[in-house]
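The values are calculated or read from the model by the stated rules, or taken from the named source; none is laboratory data. Computed from a predicted model, the values in this text were never measured in an experiment. Don't worry about glycine lacking a Cβ; one is built from the backbone with ideal geometry, like all the others, and counts go over all protein chains shown. Side chains are part of the model used for accessible areas, which takes the heavy atoms of the whole protein and leaves out ligands, DNA and RNA. Shrake-Rupley method; radii C 1.70, N 1.55, O 1.52, S 1.80 Å.
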Amino acid sequence: MKRKSITKIQAMRHRGEPIVMLTCYDATFARLLDESDVDMLLVGDSLGMVIQGHEHTLPVTLDEMIYHCRAVARGSRRAHIVGDLPFGSYQASYDDAMRAGIRLMKEGGVQSIKLEGGRRVLKSVRGLTEAGVPVMGHLGLTPQSVHQLGGYKMQGRSADSADLLLEEALALQEAGAYSLVLESVPAPLATRVSQALDIPTIGIGAGAGCDGQVLVLYDLLGLDERFHPSFLKKYRNFSEEVRGAVSSYSEEVRQRVFPGRSHSHQG
Ligand code: KIV
């Protein structure tokens, strides 16, 4: 079956059909999310935190992103896959951005790429789009700039910063971005931006006025009890599930209950 194209994603927005996006980093979850009819899988550089255990996304490399994108591409067949360009792969120059974006598409097997920022990435967004690499923008809280922003704080609270964000959103659209992530911005601002744009917005911590929503998969599954930002809804408590399953297994191994007769290959 064919994957969802950017045209299909944009048509959903025009029909007023909410777009469902989740992060995904491996083939097993890619298969499960695909079977659950998730529209878009974002191989986010959030993998630096949830997979690699870093404090932020900055150490993630382009080679690592390609590795995870390939796994997600192998595991899924229908969802549109977006690969995140990691910190350092596109900020230094236009040429870097072109090479990194093309590599992620060519070697990662994704259908589009995402990069963070407004004015400073416009030329790269235009160049990549012209080269056949669909680009998703990312405004608001841009985690790759965490040190510049002074932490993981909501953005666009003042009238001036809200106006600037809207201006940058329009500029990204004009440069060719096919959609836009809005992260941690006040809900009224996200609604205003979504209404001003023709391309779909995908929100995280940005309220209900966006055209779609994205969450980090591990957060939705409740895999980290230490993380509970106000915008997050945990749909399951899988930390408990995992610990429960592993304790049962450990106990049964220690009690010599597992493997029992029915699990033995010797008959
Ligand atoms: O890296 C990521 O997972 C992201 C989403 C949170 C939007 O950029």
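Details
- Pairs meeting the criteria (first residue in segment 236-252 and closer than 30 Å to Leu215 by Cα, second residue at pLDDT below 95 and open to solvent by 80 Å² or more (accessible area, probe 1.4 Å), beta carbons under 6 Å, at least 6 apart or on different chains) are Ser239/Glu225.
Residue-by-condition table, conditions (1) among the acidic types (Asp, Glu); (2) touching a helix residue (DSSP H, G or I) at 6+ places or on another chain (Cβ under 9 Å):
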| site | (1), (2) |
| --- | --- |
| Val146 | no, no |
| Gly151 | no, no |
| Asp163 | yes, no |
| Leu180 | no, yes |
| Glu183 | yes, yes |
| Thr191 | no, no |
| Leu197 | no, yes |
| Thr201 | no, yes |
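- Checking Glu225, Glu167 one by one, the residue that is open to solvent by 10 Å² or more (accessible area, probe 1.4 Å), farther than 22 Å from Leu85 by Cα, part of a helix (DSSP H, G or I) and more than 12 Å from the ligand (Cβ to nearest atom) is Glu167 and no other.
- The one condition in (1) under 30 Å from Val181 (Cα atoms); (2) open to solvent by less than 80 Å² (accessible area, probe 1.4 Å); (3) out of contact with any Asp or Glu (no Cβ under 8 Å at 6 or more places or on another chain) that Gly260 fails to fulfil: (1)
- Candidate set from segment 108-118 (those that are assigned to a loop (DSSP other than H, G, I, E, B) and more than 25 Å from Leu149 (Cα to Cα)); member that is least open to solvent (accessible area, probe 1.4 Å): Val110
- Taken together, the residues in segment 194-213 that are open to solvent by less than 10 Å² (accessible area, probe 1.4 Å) and either touching a residue at least 40 places away in the same chain (Cβ under 8 Å) or within 14 Å of the ligand (Cβ to nearest atom) (or both) amount to 6.
- Applying a threshold of 8 Å to beta carbon distances and a minimum spacing of six or more residues, or different chains, the list of pairs starting in segment 29-50 at a residue that is among the hydroxyl-bearing types (Ser, Thr, Tyr) and ending at one that is open to solvent by 10 Å² or more (accessible area, probe 1.4 Å) and near the ligand (Cβ under 8 Å from one of its atoms) reads Ser46/Pro143; Ser46/Val216.
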